[in-house]
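I have placed the structure first, in the form of structure tokens, so that the comments after it can refer back to it.
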Amino acid sequence: MSIYDFSIAIDAMGGDNSPDKVIEGLSFYLREDDRIFFNIFGDEDLIKKSISRFKIQNNLYKIFHCSTYIQDKDSVRNSIKIGKDTSMWRAIDSVKKNESGLIISSGNTGALLVISKLILKMIDEIDKPALAGLWPNHKGTSIVLDLGANIEFSEKNYIDFSRIGAELYNVLFKKEKPNVGLLNVGSEEIKGHEELKNAFNALNKLKTSFNFNGYLEGNQIKDGDFDVIVTDGFSGNISLKTAEGSVNFINKEIKKIFSSSIYGKLCYLFSYFIFKSIKKNLDPRKYNGGIFLGLNAPVIKSHGGADSLAFYYSVKLGVKILKGNLIEKIKKSLNND
């Protein structure tokens, strides 16, 4: 019997500053929990150097040398052509072979999605994968999906993603009946396009494992009244990028104001601990890790520009998903509804 709770496949070559940021992120996690085993895919020499630098015990990982890797500039078509020998492909394949419970990669998002679909396949009842993300709010954290995997959306997609999003929320935050809402241009029932309105009517009639609370607008996401927010990938991605851009703009304006004069610098010194607390609570690294839902195994996409601490949070997210047996819960929910 294995001494490890789970094995996780790591594509060590994707994103900026890899494999150093990846290996350092693993080292952060293993300081807290040494019952997870990592199958690490990538350039063996570079990975060994990073492991030596960050001092990971050799009984907690296995390296699988891959001579090539998929770069962000590669098209999805080219990624598939070179795929079978790359760190991403082989890491995903290890999940298919039940050698790993899930994969985490900071690599090319489009390639990760398409190759995962090719290798892992979709759950029978689901026809499209969703990219789900964690979104901070006044009461804690919401799950928002889809954040860009699907531009075209059907009534069925809204219903399916409501179900699988609710199961993800249950696993991560231990709430049996999450509050689910559909993102819309207004809260009135008459607003929205036909697919959205049809999904609204269908969800109101379905007996589900979640509470369907109707529509919400973009400015309500922050309130925390909806645990799971479902939208098409076009609107979801725009919402995400707008929120990220707004946060960056506000941060730069605050820095500009406090650094523009001696008075501003003195004010900053007096407010230092307040700003430090705000920064800690809203640190985007804590919410790193998009989850592709609807596949037969979990796939986590860490942001390509994320640092080692952000990658650590992706690992924590992956362990929660495995411990919560997410895929089996999704399949059971789809069969019961």
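No lab work stands behind these numbers, since they all come straight from the coordinates. What you see is a predicted model, and the numbers here were worked out from it, not measured in a lab. Virtual Cβ from ideal backbone geometry, glycine too; neighbours counted across all protein chains shown.
General observations
- Where GluC sites (Glu not before Pro) fall in DSSP loop in segment 131-171, at most 16 other Cβ within 10 Å: E152
- Of K177/K222; K177/K332; K222/K255; K48/K121; K84/K156, pairs whose Cα-Cα distance is over 22 Å: K222/K255; K48/K121; K84/K156
- F212 long-range amide H proximity, modeled H, under 5 Å: V180
- Rel. contact order, % - alpha carbon contacts under 8 angstrom, at least six apart, the chain: 22 percent
- Cα shape, segment 1-131, gyration tensor, a/c 1.5 rule: oblate
- Packing-based exposure ordering (other Cβ within 10 Å, fewest first) of S246, S209: S246, S209
- Computed from backbone phi, the HN-Hα couplings of segment 110-116 come to x, 5, 4, 5, 5, 5, 4 Hz, rounded to whole numbers (Karplus: 6.51 cos²θ - 1.76 cosθ + 1.60, θ = phi - 60°; Gly and Pro given as x).
- Highest mobility in the GNM of the chain, judged by mean-square fluctuation with C-alpha springs under 10 Å and restricted to K276, K62, K117, is found for K276.
- Under the Debye formula (equal points on every Cα, no solvent term), log10 I(q)/I(0) of segment 127-292 at q = 0.19 Å⁻¹: -1.16
- With only the Cα atoms considered, segment 203-278 has a convex hull volume of 112 Å³ per residue.
- Debye log10 I(q)/I(0) at q = 0.12 Å⁻¹ for the chain, Cα point scatterers: -0.87
- Ordered by the number of other Cβ atoms lying within 10 Å of each residue's own Cβ, fewest first, H303, H193, H65, H138 fall into the sequence H138, H193, H65, H303.
- With kT/(6 pi eta Rh) evaluated at 37 °C and eta = 0.692 mPa s, and Rh the Kirkwood radius from Cα pairs, segment 118-218 diffuses with a coefficient of 230 µm²/s according to Stokes-Einstein.
- Net dipole in debye of the chain [+1 Lys, Arg Cβ; -1 Asp, Glu Cβ; about Cα centre; nearest 20]: 880 debye
- Residue order, fewest to most surrounding Cβ atoms within 10 angstrom, among V76, V185: V185, V76
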